Amino acid sequence: MIRLAIRVRHQDAELALAELLALAPHGVEEVDLGDRVEFAVYGVPGELPVLPDLEAAIGGALVEVVTTEVADDWAERWRDFHKPIDVGPLHVRAPWHPAPAPERLDVVIDPGQAFGTGGHHTTRLCLELLLELEPAGAVMDVGCGSGVLGIAAEKLGFGPVRGIDHEVASVAATTENARVNDVPFGVLRHDLLTDGPVGSAQTVLANLLRPLLLRIARDGFAGGGTPQNLIASGLLETEADEVSAALCDALGLQEAERRVSGEWAALLLVA
Ligand SMILES: C[S@@+](CC[C@H](N)C(=O)[O-])C[C@H]1O[C@@H](n2cnc3c(N)ncnc32)[C@H](O)[C@@H]1O
């Protein structure tokens, strides 16, 4: 088992992460090294991205590539990497973590090959903003990944919940996680870049990168629908003003709240 780490400057981290996730959909470990950010993936030789692919995708942003052999306990280390998180009443955990006390809302997420253990700043920020809303009404989880946001919404009392993602692995992971959590969740494969806009809902959750959020601002929602609440994340704090203005102008929304964690930001936009 090999650990392949790429190191980039902070200002290149978003681009590098987006490209690396496309090359390594099993998930990426993020380590802050001070002046640089390290993104690491684990795999056997042949499964991991190769240097020419990395250079083609991330190119000039690469500062360093480091590969190390990982001992045979890699699976345990990988599992150790996923810690359960608590956000308000929600306890988001992997299937191998113990169940929480019965008064907690247990959200069991096996990310499979999809993004979304709940541990990433952007996911957590979305969950925090979701807790600010009256828990009722339809939800659209755009870029649902593992389904963590939509499943958490169901557990809080929102519904019905639908979601889309362009990755087959995300549709599979969301379907399976919804089954394990015993919540209804209608999920479809849909690429925002090629399949056109997606349908709206009372609450839209969109943990996407800046270009896709700007795409939503440009294209709107199918049938011209507009959410009452739009939680948008996956953007850097430095991008928040631009993305907020674009979405508010296009959809007639107002920014009600902005939260920041690490270098990431999330927006709550309301009608
Ligand atoms: C940052 S992850 C968010 C996952 C999960 N919702 C969460 O909050 O943890 C972004 C998701 O958007 C999906 N995505 C990226 N580009 C997309 C596109 N063009 N159309 C639809 N989904 C896309 C990715 O596959 C990924 O699952």
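Within region 154-166, the set of residues being in a loop (DSSP other than H, G, I, E, B), within 12 Å of the ligand (Cβ to nearest atom) and either buried (at least 20 other Cβ atoms within 10 Å of the Cβ) or free of Cβ contacts under 8 Å to residues at least 24 places away in the same chain (or both) is empty. Inspect region 185-196 for any residue being crowded, with 19+ Cβ neighbours inside 10 Å, away from the ligand (no atom under 13 Å from the Cβ) and in a strand (DSSP E or B) and give the result as yes or no. Scanning region 185-196, I find no residue that is crowded, with 19+ Cβ neighbours inside 10 Å, away from the ligand (no atom under 13 Å from the Cβ) and in a strand (DSSP E or B), so the answer is no. Scan region 89-144 for residues that are crowded, with 23+ Cβ neighbours inside 10 Å and in a loop (DSSP other than H, G, I, E, B) and the total you get is 9.
Just one of the numbered conditions (1) touching a residue at least 40 places away in the same chain (Cβ under 8 Å); (2) outside any strand (DSSP E or B); (3) more than 8 Å from the ligand (Cβ to nearest atom) is not true of Leu149; which one? Exception for Leu149: condition (3). Just one residue in the set Thr68, Thr122 is at negative phi, at pLDDT below 95 and not assigned by TED's automatic domain parsing to the domain that holds Glu257; that residue is Thr68.
Ile231 passes every criterion in (1) within 19 Å of Arg124 (Cα to Cα); (2) within 20 Å of the chain's Cα centre (by Cα); (3) surrounded by fewer than 18 Cβ atoms within 10 Å (Cβ to Cβ) apart from (3). The residue list Gly137, Gly116 contains one member that is near the ligand (Cβ under 8 Å from one of its atoms) and among the small types (Gly, Ala, Ser), which is Gly116. Residues that are touching a Ser or Thr at 6+ places or on another chain (Cβ under 6 Å) and either touching a residue at least 60 places away in the same chain (Cβ under 8 Å) or not assigned by TED's automatic domain parsing to the domain that holds Arg124 (or both) within region 230-266 comprise Ser233, Gly234, Trp264, Ala266, listed in sequence order.
The set of residues from region 236-271 being farther than 19 Å from Thr203 by Cα and buried (at least 21 other Cβ atoms within 10 Å of the Cβ) comprises Ala240, Trp264.
Of the set (1) over 19 Å from Met140 (Cβ atoms); (2) over 19 Å from the mean Cα position of the chain (by Cα), all apply to Trp264 but (2). Taken over region 1-27, the residue count meeting the criterion of being more than 15 Å from Asp53 (Cα to Cα), modelled with pLDDT of 80 or more and either part of a loop (DSSP other than H, G, I, E, B) or of a type in the set (A, V, I, L, M) (or both) is 2. Residue selection: Leu214 satisfies the criterion of being under 22 Å from Leu251 (Cα atoms) and not in a loop (DSSP other than H, G, I, E, B). Just to be sure, is Ala173 more than 8 Å from the ligand (Cβ to nearest atom), surrounded by 20 or more Cβ atoms within 10 Å (Cβ to Cβ) and more than 17 Å from the chain's Cα centre (by Cα)? It is false that Ala173 is more than 8 Å from the ligand (Cβ to nearest atom), surrounded by 20 or more Cβ atoms within 10 Å (Cβ to Cβ) and more than 17 Å from the chain's Cα centre (by Cα).
The values are calculated or read from the model by the stated rules, or taken from the named source; none is laboratory data. Everything numeric here is computed off the predicted structure, so don't read it as measured data. When we count neighbours, we look across all protein chains shown, and the Cβ atoms used for this are built from the backbone with ideal geometry, even at glycine.
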